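Derivation of every value follows stated rules applied to the coordinates shown; laboratory data play no part. Just so it is clear, the structure is predicted and the values come from calculations on it, not from any experiment. Cβ: placed from backbone, ideal geometry, glycine included. Neighbour counts: every protein chain shown.
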Amino acid sequence: MIKTILKNQYFYSVTSKIIIAFLGVLNMVFINRLLGPTLRGEYAYILNIVNLVTMFLNLGIYQSYPFFKRKDISNIQTKYTNNVFFQLVLYLIISIVLCIIFRDKQQLIVVFTLIPFMVINKQVNFIVMVENINLRNRINIYIEITYSIGLLIVFFTSWQNIYIILCLMYIKSIMQVLFAIILFGIKINIRLIDLKLLSESISVGFISMLSLLMLTFNYKVDILILKLFTNYEQIGLYSVGAVLAEQGWLISDAFKEVLFSKNARNDDIKDIKMCIKLNVVITILMFIAIALLGKPLLFILFGTEFVGAYSVTIILFSGILGMVFFKMVYPLFIATGKQKISLCVLAVSAITNIILNFLLAPRFGIQGSAASSVISYNICGILFMGIFCKQYSLNFINTILPSIEDFKSTKKKILTKLNKREQGINY
C-alpha cells in the first residue's frame with residue numbers, strides 16, 4: 001500500500017511541491033533578512049523583468065511539446081532538447097553583444113546574461129516533466145537544497161548585495177539543466193538539431209507562449225507598474241506577499257504538472273474534476289490559516305520590517321482560488337490545441353490587471369495593486385472554468401465543490417485498495 005502511494009504521480013508531485021515551498025520560504029528568510037525591504041524591492045524588480053522577457057523568448061517551443069508528443073514522432077524528446085540547446089547558443093551570442101553595447105549598465109547586464117539560462121532551464125525542465133514527472137521533481141528538490149545552501153553561506157557572510165544573490169540564480173539555472181542532462185540521459189549532438197521541427201514547434205507553440213506571457217504579465221506586471229508610483233521599499237513589501245501567494249499555489253501547480261503529463265497522452269476529464277475539487281478545499285484551508293497566522297508568521301520569519309506585507313498577502317491569497325481553476329483546466333486546452341481560446345481569456349485577464357493597476361495603484365498603493373491582481377486572477381479562473389464546463393456539459397457548481405458522493409467514492413476507493421492489498425498478502 002505504501003509503495004503504491006509513493007509511486008502515485010499526484011502524491012509524489014504534491015510532496016515535492018511542499019518540500020520546494022518550504023525551501024522557498026526558507027530562501028525568502030535569508031534574502032529578506034539580508035537585503036531588507038528596499039533592496040528586496042530592487043531585487044524583485046530585476047527578476048520580474050527577466051521573467052517577462054524569458055517567457056517571450058521561449059517562443060512557445062516547450063509549450064508545443066505535448067502536442068507533438070501525441071503524434072508519436074520518432075526521437076521527439078532528443079530532437080526537442082537539441083533544438084532548445086541550439087536556441088541557447090543563439091541567445092548567448094546576442095547576450096554577449098548586448099553586454100558589450102551596454103557595458104556601463106549593471107542592471108541591464110544582469111538581465112541580458114541571466115535570460116538565456118532561464119530560457120533553457122524552462123524548456124528542458126518542461127520536457128523532463130512531461131516524460132518523467134517524478135524525476136523532474138527530484139531534480140527540483142536537489143537544486144532548491146543547493147540554492148538554499150548557497151543563500152545560507154551568503155547570509156552568514158552578511159554580503160548585503162543583490163548582485164551576489166543574483167549570481168546564485170545563474171548557478172541554479174545552469175545546475176538544473178546539467179542535472180536534467182545527466183539524470184535523464186539527454187543526448188546533445190549538433191547533428192540531432194531538427195530545424196524543420198523547430199520551426200513547426202514555434203508555429204504551434206507561439207500562441208501558447210503569448211498565453212503564458214499574458215499569464216506572466218498577470219503575475220509580474222504589478223511590480224513594474226508600482227515602480228511608477230512608489231519606491232523600492234513598498235515594492236519589497238509587495239513582493240513578499242506576492243511570493244508567499246506563489247508558494248500557496250505550488251500545490252495546485254503540482255496537480256497541473258501531473259495533468260500536463262497525462263493530457264499529453266489522452267484526455268482525462270474525471271481526473272481534472274477530482275483535482276479541481278481537492279484544490280478548492282486545500283485553497284480555502286490555506287486562506288483561513290494565513291488570515292489567522294499571517295501577521296505573526298511574517299514577524300517571526302522576516303522581522304518587523306516586513307509585517308507591513310500582511311495586508312497585501314491576505315489580498316493576494318484571496319486570488320489563489322481563481323488561479324486554481326485556470327491551472328487545472330489549462331493543460332487540457334494546450335494538449336487539445338485550444339491555444340487561441342487560452343490566449344483570449346488570458347489577454348482579457350492581463351489587460352484588466354493593467355488597467356486596474358493604473359487606476360488603483362496611484363491612490364491605494366500596494367493594496368490597490370494587490371486588489372487589481374486578485375480581480376484579474378478570478379476573472380481568468382471563472383472564464384476558463386466556464387468554457388471547460390460548457391464544452392464537456394458539466395455543471396459549474398458540481399464541478400468545483402466536493403459533494404457527499406465524492407467523499408463516499410474516495411472512501412470506497414481507499415477501502416478497495418486496502419482489501420486488494422490484504423488479499424495479496426494472504427495469498
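How do 17, 227 rank when sorted from fewest to most other Cβ atoms within 10 Å of their own Cβ?
On the way: 17 23, 227 17.
Fewest to most other Cβ atoms nearby, the residues stand as 227, 17.
Counting other beta carbons within 10 Å of each Cβ, put 315, 288 in order, fewest first. Can you show the working numbers first?
Details: 315 20, 288 11.
So the residues, fewest neighbours to most, are 288, 315.
Of the listed peptides 174-186, 40-52, 99-111, what is their order by residue-averaged count of other C-beta atoms within 10 Å, with the highest listed first?
The densest-packed peptide leads the list: 40-52, 174-186, 99-111.
Please give the length that would be gained between residue 171 and residue 392 if that part of the chain were fully extended, namely 0.36 nm times their separation in residues minus their C-alpha to C-alpha distance (nm, one decimal).
So the extension gain works out to 75.1 nm.
Counting only helical runs of four or more DSSP H residues, what would the 222 nm mean residue ellipticity of the chain come to if each run contributes -39,500 (n - 2.57) and the total is spread over all its residues?
-30000 deg cm²/dmol
If we count other beta carbons within 10 Å of each Cβ, what is the order of 127, 188, fewest first?
188, 127
Using the membrane-span-like helix rule (whole DSSP H runs, Cα extent along the own axis of at least 30 Å, mean Kyte-Doolittle hydropathy at least 0.0), which helices of the chain qualify? Present the calculation step by step, with values, prior to reporting the outcome.
Values: long enough: 9-57 (39 Å, 1.05); 76-101 (38 Å, 1.55); 106-131 (39 Å, 1.38); 133-157 (36 Å, 0.98); 162-184 (33 Å, 2.34); 195-229 (46 Å, 1.37); 269-302 (43 Å, 1.88); 339-391 (41 Å, 1.17); 404-426 (33 Å, -1.20).
For the chain, where a helix must reach 30 Å along its axis and average at least 0.0, the hits are 9-57, 76-101, 106-131, 133-157, 162-184, 195-229, 269-302, 339-391.
Given a Förster distance of 30 Å, report the FRET efficiency between residue 183 and residue 70 from their Cβ-Cβ distance, rounded to the nearest 0.05.
It comes out at approximately 0.75.
Which of the peptides 368-381, 298-311 is most tightly packed, and how do the rest follow, judged by the mean count of other Cβ atoms within 10 Å per residue?
368-381, 298-311
I need the peptides 112-118, 361-367 ranked by packing, meaning the mean over residues of other C-beta atoms within 10 angstrom, with the highest value on top.
Highest mean packing first, the order is 112-118, 361-367.
Anyone know which of 201, 64, 95 comes out most mobile in the 10 Å Cα GNM of the chain?
Of the options given, 95 has the highest mean-square fluctuation.
Among [x] 36.1; [y] 21.3; [z] 22.7, only one was calculated for this model; which label is it, if the read-out is mean projected area of the Cα convex hull in nm²?
[z]
Too long at a 25 Å Cα-Cα cut-off: which of 220/270; 256/277; 71/220; 71/270; 172/273; 196/327?
220/270; 71/220; 172/273; 196/327, as the Cα separations exceed 25 Å there.
Treating only the Cβ atoms of Lys and Arg (+1) and Asp and Glu (-1) as charged, compute the dipole magnitude of the stretch 2-418 about its Cα centre; round to the nearest 20 debye.
Here the stretch 2-418 has a charge dipole of around 1120 debye.
Could you tell me the relative contact order of the stretch 2-418? Use alpha-carbon pairs under 8 Å, at least six residues apart, and round to a whole percent.
24
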